[in-house]
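Have a look at the structure below, then the notes.
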Amino acid sequence: MKKLIFLALIFPLWINAVTINFENLTSGTLVTNQYQSQGVIFSSNYYYPVHDGKIGDVRIPDYGVYDFGGAGPMSLCYGGVGSILGIKFVLANGTNAITNSVQFRIGDGDSASETFRVSFFDVNNILLSQNTYTTYSGSVNGGVTLSFTNPNIHRIEIAGTGSGSGGSIDDLIFNTTQAIPEPGTCLLLLIGLAVYLKSLSKR
């Protein structure tokens, strides 16, 4: 039992997932800190200020973004080629935080292909993962569901690249944000883990 408690302290089980589907916001709303209390804030370089970082309705379709497989009609437009959408994980008071798992739907759904780059960073701005994707048309191939797991995810950057009219994100799901551990705490946990593993090797 003690072993299980020790491992749980080192590897916390973050199981309380948060879902952001943007359905509570109206078309044209600029999204910044509306979801801060839930652990996430958004930013944009506003390369195309008419739509970058704003809510659109795929039924109309706003900003030329058609159904790309999101759960509802409202989605957050990242923009087009040259646009950058930032997603940062925080505590309810706005303090920098981390999560260990993220998933979201991204794409466009129109007849033109869309290419975008998705990058994940830790709190020290160290790149954790980066991939480029291309989607095509319709609710299936017009979008892709991305998932990433890492204990230190602090922010995500979505950049429009290549060609195409751009796209949106929807159905953002992430595990409840956690405070960033102090360096001393991390050191103690590592020492504790080393001692524990050494004790196992002697058996």
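Please treat every number below as a calculation from the coordinates, not as lab data. Because the structure is a prediction, the values reported are computed rather than measured. Please note: Cβ atoms are built from the backbone with ideal geometry, for glycine as well, and neighbour counts cover all protein chains shown.
Our estimate of slack between Glu182 and Ile126, defined as 0.36 nm per intervening residue step minus the Cα-Cα distance, is 18.4 nm. For the range 154-163, putting each phi into the Karplus relation 6.51 cos²θ - 1.76 cosθ + 1.60 with θ = phi - 60° gives couplings of 10, 8, 10, 10, 10, 10, x, 10, x, 10 Hz, in residue order, rounded to whole numbers and with x for Gly and Pro.
Computed over the range 17-201, the Cα gyration tensor eigenvalues convert (square root of 5λ each) into semi-axes of 33, 17, 14 Å, ordered from largest to smallest. Other residues whose C-beta falls under 15 angstrom from the C-beta of Tyr136 contribute a net charge of -3, scoring Lys and Arg +1 and Asp and Glu -1. For the range 21-105, trypsin sites (Lys or Arg not before Pro) meeting the loop criterion (DSSP other than H, G, I, E, B) and having at most 15 other Cβ atoms within 10 Å: Arg59.
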